[in-house]
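Each remark here refers to the structure printed beneath this line.
The values are calculated or read from the model by the stated rules, or taken from the named source; none is laboratory data. From a predicted model like this one, the values you see are computed outputs, not experimental measurements. Using ideal geometry, Cβ is built from the backbone for each residue, glycine included, and neighbour counts are taken over all protein chains shown.
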């Protein structure tokens, strides 16, 4: 009992939501006679194209791993590729069965597979998968279900404290920590060596910060009321989720202002992605309001950047988009080359906005 309480205290001390599942699999492996424990989250907006993302996998005597955040969505397995996980997720019930030697899911010396649902009011739904030599006894299964209820409650509390209550996007308070984490050197993913990481090139560790401002949003509120204005914000967030990838980070800063940390790619790639979002906004028919457009500015995040410095550059590009007619996407670096924005050498981006 003391060990269980100690592990639970360790688990609920985690404040990084991206490492919470890693802490969970480590905790469960310590408490059960299991060969491996994994957490898999259902990823994707389109039900026909949902995939399994491994957010934590712990094995005896090995380092805990997870899928890297930059992994290509197309390389992930479909939900139907793992029917036991899919059944548990759909039924919200425990699934347990024996594995045969011919079973493609058989690993190491594990002969039994147990899958439990991770109930999530906020964040991605998923499952906890336990592989063991013997079937887990009823006492352990009951304990695991109780533990996952506590975990679910804690996850919801953590998610609600880090997300905007209206749109569900990450909130302003999480931005600095996420930004600083993004500026760390790229780490090797599961099955990769450091050489593999280097061969991917610096483009994988590049981030682009986009600042998005809804054009004439005050007029929307004044003409249609704040309830319709809130609906517009919710729909903007939905279009953002449909446009950007799971490895990109989406924030609402407050009011009509949003921020994107776009991972990887060249400046041309970033322009295509941000421009695609602007065009999707322009083409969407917002209920009662009709057309809503945005002005968007973006900049490359460099290793010496502070959050406020990068934001300042992207915000200057937004200002130019507004000044030149709105409903435009501008890159700060391009504006500097064109002479539209004048920099002040080393003082560039020193303005503290927050």
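When you scan the stretch 26-35, do you find a residue that is loosely packed, with under 15 Cβ neighbours inside 10 Å, over 15 Å from residue 127 (Cα atoms) and either at pLDDT below 85 or not assigned by TED's automatic domain parsing to the domain that holds residue 262 (or both), even just one? Scanning the stretch 26-35 turns up at least one residue that is loosely packed, with under 15 Cβ neighbours inside 10 Å, over 15 Å from residue 127 (Cα atoms) and either at pLDDT below 85 or not assigned by TED's automatic domain parsing to the domain that holds residue 262 (or both).
Return the residues of the stretch 316-334 that are in a helix (DSSP H, G or I) and surrounded by fewer than 21 Cβ atoms within 10 Å (Cβ to Cβ); say none if nothing qualifies. Before you say what the answer is, go through the steps one by one.
The initial filter retains those residues of the stretch 316-334 that are in a helix (DSSP H, G or I), namely 316-323, 332-334.
Once the filter is applied, which keeps residues that are in a helix (DSSP H, G or I) and surrounded by fewer than 21 Cβ atoms within 10 Å (Cβ to Cβ), the stretch 316-334 yields 319, 320, 322, 323, 333, 334.
From the list 274, 332, the one residue that fits, being under 26 Å from residue 174 (Cβ atoms) and without any contact (Cβ under 8 Å) to a residue 40 or more places away in the chain, is 332. Restricted to the stretch 194-222, and to residues that are at pLDDT 95 or above and touching a helix residue (DSSP H, G or I) at 6+ places or on another chain (Cβ under 6 Å), which residue is nearest to residue 276 (Cα to Cα)? Step by step, filter the stretch 194-222, then rank; the result is 210.
The rows are residues; the columns are (1) closer than 30 Å to residue 248 by Cα; (2) at pLDDT below 90.
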| residue | (1), (2) |
| --- | --- |
| 65 | yes, no |
| 76 | yes, no |
| 85 | yes, no |
| 118 | yes, no |
| 121 | yes, yes |
| 137 | no, no |
| 155 | yes, yes |
| 171 | yes, no |
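Mind listing just one residue for me: the one in the stretch 162-180 that is out of contact with any helix residue (DSSP H, G or I) (no Cβ under 8 Å at 6 or more places or on another chain) and in a helix (DSSP H, G or I) and, of those, farthest from residue 11 (Cα to Cα)? Among them, the one singled out is 172. Would you say residue 295 is touching a residue at least 40 places away in the same chain (Cβ under 8 Å), buried (at least 16 other Cβ atoms within 10 Å of the Cβ) and closer than 30 Å to residue 228 by Cα? In short, yes. Out of curiosity, is residue 14 in a helix (DSSP H, G or I) and either in the same structural domain as residue 139 (by TED's automatic domain parsing) or touching a helix residue (DSSP H, G or I) at 6+ places or on another chain (Cβ under 9 Å) (or both)? When the stated conditions are applied, residue 14 does not pass them. Put simply, of 275, 257 the only residue that is modelled with pLDDT of 95 or more, under 14 Å from residue 211 (Cβ atoms) and touching a strand residue (DSSP E or B) at 6+ places or on another chain (Cβ under 7 Å) is 257.
Just the residues that are under 14 Å from residue 236 (Cα atoms) and not in a helix (DSSP H, G or I), please, taken from the stretch 272-292. Matches in the stretch 272-292: 284, 285, 286, 287, 289, 290, 291, 292. The residues of the stretch 92-111 that are at pLDDT 65 or above and either within 17 Å of residue 141 (Cα to Cα) or surrounded by 11 or more Cβ atoms within 10 Å (Cβ to Cβ) (or both), listed by number, are 92, 93, 94, 95, 96, 97, 98, 99, 110, 111. Being in the same structural domain as residue 236 (by TED's automatic domain parsing), on the phi < 0 side of the Ramachandran plot, touching a helix residue (DSSP H, G or I) at 6+ places or on another chain (Cβ under 8 Å) and part of a loop (DSSP other than H, G, I, E, B) is a condition met by at least one residue of the stretch 293-300.
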